[in-house]
Amino acid sequence: MNWGTWLDYTVNGLVIGNIYALLAVGLALIFGVANLINFAHGSIYTVGAYVGWVCITHLHLPLLLTVPLVLLASAVLGVAIERLALRPLHNASRIAPLLATIGISLVLDQVTQLVFTPNPRALPSPLPDWRFQIGGGSIGTLDVLILAVGLGTAGVLYAFLRFTKLGWAVRATAQDMDAAKQMGVDTNRVNMSVFAIASALGGLSGMLVGMYYNNIDPGMSFDATLKGVVAQIIGGMGNVPGAIAGSLLLGLIESYGIALFGTSYRNLFAFVLLILILIVRPNGLFSSAKETPPEPMTGSFVARGKPLAIPRPVLVAVAVLAVFVPFVDSDYVVQTATNALLYGLLALSLTLVAGTVGMVSLGHAGLLAIGAYASSLMAIELGLPVTLSIALAGVVTAVIGTLLVFPAFRMRGHYVSIATLAIGQIVALVILNWNSLTRGPIGISGIPPLSFAGIPLYDAPQAYWFVLVVVVALALLQARVLSSHLGRTWRALRDDDVAARAHGIATDRYKAMAFAFGGFGAGVGGAVTAHLYSYINHETFNAQISVLALTIAILGGLGNITGALLGSVLLVGLPEVFRGLAEYRMLIYGVVLLLLIRVRPQGLLGTA
Amino acid sequence: MLRVQGVSRRFGGLLAVNGIDLELRAGELVSIIGPNGAGKTTLFNLISGHDRPDGGRVTLEGRDVTGFSPERLAGLGLARTFQHGRVFANLSVMDNVLIGGHTHLKAARPALPGIGALAELLLALVRPRSVRAEEAALRAEVTGILGLFGDRLVPRIDHPAHSLSYANRRRVEIARALALRPRLLLLDEPTAGMNETETMEIQQIVGELKAQGHTILLIEHKLGMVMRLSDRVLVMDGGRAIAEGPPERVRHDPAVIEAYLGNSATGGETPAEMAAVA
Amino acid sequence: MSRPLLELDKINSFYGPVQVHFDLSLHVNAGEIVCLLGGNASGKSTTMKTILGLMRPRSGTVTFDGQVISGLETPRIIRAGIGSVPEARRLFGAMTVRENLLMGAFIRNDAAGIRDDLARVLGLFPRLHERLGQRAGTLSGGEQQMVAMARALMGRPRLICMDEPTMGLSPRFVDVVLELIATINREGVSVFMVEQNASLALQIAHRGYVLQTGRIALSGPAATLARDPRIRDAYLGGEVAA
């Protein structure tokens, strides 16, 4: 590659870096004053992009009018989120607002999709398309605009924080909220202002990205959140200048990475970098020391209360009834029930990890993917019988999953969620890029159907019974483990890891055991799914499934085995039964998640 | 039994613990007293492995354990309670105390190097007779320990810890530490937040433990209890040891009175009056 | 006698399941220095939090200058005319001394008055003059305590609440800080201070209360309290003879 091309990649990296910076700065401000990673940030970015699209392509407004409108609309949205969804959670557990922002992001993305359709839209830049030649490379007007906006924002933000009264209040609140209150600072107002500023910048970022690629779609929000979070963690959580530096670094690394390895590796770099930073310098590149928080921040979202005791005869009766579901004589109902049971498997695994052990994993779908690929490949390439390949896939997932999450065992609270989210993404990206093993983007087709004792199970009721047996067996195993010393050991670790360690409980060992057990179940679930679908690719098990699984687990009551199964029947089954609702499924999940966090954190059956 | 030599810990610019020496012989009860912020709890954390000293050495039964992890120290027989009481809120009283017995559960440490964790998981699933017997024995032991606290905990054996009164939570913590069958017991303000009667109960229990031969290091603000139970007292202020010795002597030490009340003694004339209190 | 500036009336407060205050009543008259003494865990700091609105009592009222302030948000209470020197100082460590002092004037909008007050406060704390551009977190403990006091003064409060102002200070600085508290008081600001160090606090206070496990065990003029042997009992955990 010649110098000109390098220069182009550098400009591209800086431009992307500036866009990340607009996101990351907002995330850093919010983290500073509210101690929260705002997972809805990418959704605001998407809304900003669509507001820009409406202004430019429908209302034909000039850019000078479009930008203020985008800023205003995004700011209003940010304020609404803070006021309506987050402030009421002030006294809830620390992970509750984070989960709430996930719910908000589901809702916003779905509303965007319903209003604007899921189809991508072109967002043309209204700027003249001049290109300036520098050295052997070139720079376009939009590049210049984005760089200018980036620099300008950094300058304005610096002046705001340094010279205005509100800016001082923001800094004081970020450093010590109680002390700021004692200076007469209305920290609620500070919070709201920060959400307004952060959201305005996020929305602007979305619009600029849309113009840069001349393309926007409702699915762009998730990636944006993740990139902003990665950039912020590189720079140190809550550190505004650090967020800018981290963003530029991330932009450049991605750009050079694409130059060297190709586009499909882009996100892999981002997430591997994230994991490395979390392990090596959890306080970011620019912080001086690695300090552990003095008091434990427990990441668990486990409400107090006793789980509802369901008498054993009732459970047995329900299980027996479940056997007769296929006699409804509707393949659709049976398939839906099978689907619900498969989610039940995932939720069983997650309720163990997030509920019993208290590590709120946001990347659980990655385990499904590992299991699905492992079983499919073993069945196709090695010709193993399907039943055996499914069982082995469970073991493979247990091993790989535990090893992957191992670095997160030492992390707490929000960091666990981010790390697992990134790990889930890494799994998908490795699948995408490891062509020789996984057939890359083409995916795997022709996966043999479920079979039992050599007899393929083609029709829906047979598959249903197969899955039912697996679910019941795994649920019983999980119940048995929980009734042993492991159950109390895991829950002790969740409730207070400091006290647990003082009584000889080795954290890593027990978290690994939980992940191995949960990984086995999730791997089996993924494997069964693969054999049912007969085709899978790297997107079959996406982050939405992870979020859905978490919603199911919370709905049932974290740590509650019966709850996980009930939750999946309700959340997966009901929208299908009322067919009209199918289109609004994700919206419903988002609303359910928000409502649960707010009014019934212990779920339907109570946390265990 | 326990020897602390020149242990220091710095937080930012503040020397929270500054060159503390302390020795504890088997069967002794030594108390650490001192005003808020004197560094008592930090010293506890340095001994129990929850924090690492910046300088100095900690030896337990002749073995250098400086910087050992808390779980390893627990395995060596060191048990502790925490200043503000740290029970497992969602676990029942029984389960809380059973956790205390974790270190001597054979089922939790199968003798299979490398795959020990896997073996532990399988044992928990299969639960052969030996595992069940061990669990039953531990439960019996725990029931015995809970009996120490009269009818305070026994009737609430299945209640989750978060539903307990503050005093009862502190009792659960002590019970949990005892279930570890400690060779050395560290109690951090076991009577904090308790009223007179409750304090007397704890005092009696700690006294019984001492009589049974337990080696105990105690942080306590209620000096009456300290004076009555301790073989020796270490007084800390500003991270340093300002006095050490038998309670009789410490209570008459002007440096101690000054640390507690200020630099010119207030009120009654002689330290003897102070002694009369205790 | 006129109505007290600050009055706590039958406060009962809880920290989780633990009751911290039992019908706690006390008051501060305009112009007074009043200290609240007590040993560890006697409920002193909770009293401060209750006045400042950082904690809500389950029952009872706090009145400041005739206005009921219990139940108000902290910023409103500060605006009513109460300044706070928090326990452990709680400066904004990454901001400069100057910025910290100006944060103290956050509730005010009179730029000229703030400038004058800054000069006046620096006159009281000349040591801070040379430290104005330095990050507050890099100061020594004694200097930080001065910044915290100066910061509270910048809001032109009628009452300053100080939580353990001498904690963690070297003896030399303790005297300096006490002298400053007396000076501040002479300038017309009433002071309510929570202190563990009884003899020191009683040197400068007009009146004092001794808190023991959430109840006022002793109270009276500072000089009387300083001679009362029972104060020791209260500190060292014995029963106070009624």
**Item:** Kirkwood Rh in Å, taken over the stretch B:2-275 so that all alpha-carbon pairs contribute
**Value:** 20.0
**Prompt:** What percent does the relative contact order of the stretch B:2-275 come to when contacts are Cα pairs within less than 8 Å and at least six residues apart?
**Reply:** 27
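Using 0.36 nm per residue of separation minus the Cα-Cα distance, give me the extension gain between A:Phe132 and A:Leu72 in nm, one decimal.
Roughly 18.4 nm would be gained on extension.
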**Fill in**
Each label sits 7 Å from Cα toward the beta-carbon; between A:Glu381 and A:Val280 the label points are separated, in nm, by 3.1
**Request:** Sort all Cα-Cα distances of the stretch B:57-138 into consecutive 5 angstrom bins from zero, then give the percent of pairs in each bin up to the one containing the longest distance.
**Result:** 3, 12, 17, 19, 20, 15, 10, 4, 0
**Request:** Classify the stretch A:360-533 as rounded, prolate or oblate, taking a ≥ b ≥ c as the square roots of the eigenvalues of its Cα gyration tensor: rounded when a/c is under 1.5, otherwise prolate if a/b is larger than b/c and oblate if not.
**Result:** oblate
**Request:** Multiply the residue separation of A:Leu574 and A:Leu403 by 0.36 nm, subtract the distance between their alpha-carbon atoms, and state the gained length in nm to one decimal.
**Result:** 58.0 nm
**Request:** Nearest 5 is fine: what % of DSSP beta bridges in the protein assembly as shown come out antiparallel, could you say?
**Result:** 60
**Prompt:** What ³J(HN,Hα) values, in whole Hz, does the Karplus curve 6.51 cos²θ - 1.76 cosθ + 1.60 give for the stretch A:50-61 when θ = phi - 60°, with x put for Gly and Pro?
**Reply:** 6, 4, x, 4, 4, 4, 7, 8, 9, 8, 6, 7
**Message:** Under a crude label model (7 Å from the Cα following the beta-carbon direction), how far is B:Ile157 from C:Arg115 in nanometres?
**Reply:** 7.7
**Request:** Starting from the Cα-Cα distance between A:Ala479 and A:Asp178, subtract it from 0.36 nm times their residue separation and give me the gain in nm to one decimal.
**Result:** 103.9 nm
**Message:** Please arrange A:Leu260, A:Leu72, B:Leu153 by how many other C-beta atoms lie within 10 Å of their C-beta, fewest to most.
**Reply:** A:Leu260, A:Leu72, B:Leu153
**Message:** Taking each pair of distinct Cα atoms in the stretch A:116-208 once, what is the resulting Kirkwood hydrodynamic radius in Å?
**Reply:** 16.3
**Message:** Restricting to bridges with both residues inside chain C, how much of the DSSP beta-bridge set is antiparallel, in percent to the nearest 5?
**Reply:** 55
**Item:** Sites B:Leu15 and B:Ala137 - FRET efficiency at Förster radius 35 Å, r taken between beta-carbons, to 0.05
**Value:** 0.15
**Request:** For every helix of n ≥ 4 consecutive DSSP H residues, a contribution of -39,500 (n - 2.57) applies; sum these over chain A, divide by its total residues, and give [θ] at 222 nm rounded to the nearest 500 deg cm²/dmol.
**Result:** -22000 deg cm²/dmol
**As computed over the protein assembly as shown, the Cα convex hull volume per residue (Å³)** = 188
**Label point at C:Thr138 placed 7 Å out along Cα→Cβ; residues across the stretch C:115-131 whose backbone nitrogen lies under 12 Å** = C:131
**FRET efficiency for A:Asn2 and A:Ser445, using Cβ-Cβ distance with R0 set to 56 Å, rounded to 0.05** = 0.85
**Message:** Using only the alpha carbons of the stretch C:74-167, what is the convex hull's orientation-averaged projected area in square nanometres?
**Reply:** 5.6
**Request:** With springs only between Cα atoms under 10 Å apart, run a GNM on chain C and tell me which of C:Leu52, C:Leu159, C:Leu180 wobbles the most.
**Result:** C:Leu180
**Fill in**
Inter-part gap, Cα centre of the stretch A:137-158 to Cα centre of the stretch B:62-79, in whole angstrom, is 57
**Request:** Sort A:Ile30, A:Ile536 so the one with the fewest other Cβ atoms within 10 Å of its own Cβ comes first.
**Result:** A:Ile536, A:Ile30
**Request:** Give the order of C:Thr74, A:Thr489 when sorted by the count of other beta carbons within 10 angstrom, beginning with the fewest.
**Result:** C:Thr74, A:Thr489
**Complete:** For B:Gln83 and A:Glu583, extending 7 Å from Cα along the Cα-Cβ vector and measuring point to point gives, in nm, a value of 6.0
**Request:** For every helix of n ≥ 4 consecutive DSSP H residues, a contribution of -39,500 (n - 2.57) applies; sum these over chain C, divide by its total residues, and give [θ] at 222 nm rounded to the nearest 500 deg cm²/dmol.
**Result:** -10500 deg cm²/dmol
**Message:** What whole-number distance in Å separates the alpha-carbon centres of the stretch A:527-559 and the stretch B:1-50?
**Reply:** 51
**Fill in**
Quotient of Cα radius of gyration and Kirkwood radius for the stretch A:1-105, i.e. Rg/Rh, equals 1.10
**Prompt:** Cross-link list A:Lys165/C:Lys49; B:Lys222/C:Lys10; A:Lys227/C:Lys49: which exceed 31 angstrom alpha carbon to alpha carbon?
**Reply:** A:Lys227/C:Lys49
**Message:** Counting just the Cα atoms, what span does chain C cover along each of its three principal axes? Round to the nearest Å and put the largest first.
**Reply:** 52, 38, 37
**Asked** What is the Cα coordinate range of the stretch A:491-608 on the first, second and third principal axes, sorted by size from largest, in whole angstrom?
**Response** 54, 38, 22
**Message:** Once each part is reduced to its C-alpha centroid, what is the distance from the stretch C:21-80 to the stretch B:195-221 in angstrom?
**Reply:** 35
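Counting helices only, and only those DSSP H runs with n ≥ 4, report the 222 nm mean residue ellipticity of chain B as the sum of -39,500 (n - 2.57) divided by its residues, in deg cm²/dmol to the nearest 500.
Rounded to the nearest 500, the figure is -11500 deg cm²/dmol.
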**Prompt:** Antiparallel DSSP bridges in the stretch B:2-275: what percent, to the nearest 5?
**Reply:** 55
**Request:** Give me the aspartates and glutamates in straight-line cross-link reach of B:Lys106: C-alpha distance below 18 Å, same-chain residues under 8 apart excluded.
**Result:** B:Glu71, B:Asp95, B:Glu120, B:Glu134, B:Glu135, B:Glu141
**Asked** Are there chymotrypsin sites (Phe, Trp or Tyr not before Pro) in the stretch A:72-148 that DSSP puts in a loop and that have at most 13 other Cβ atoms within 10 Å, and which ones?
**Response** A:Trp130
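Every read-out reported here was derived from the displayed coordinates using simple, explicitly stated rules and does not represent laboratory data. A quick note: this is a predicted structure, and the numbers were derived from the prediction, not measured. Reconstructed Cβ throughout: ideal geometry from the backbone, glycine too, with neighbour counts over all protein chains shown.
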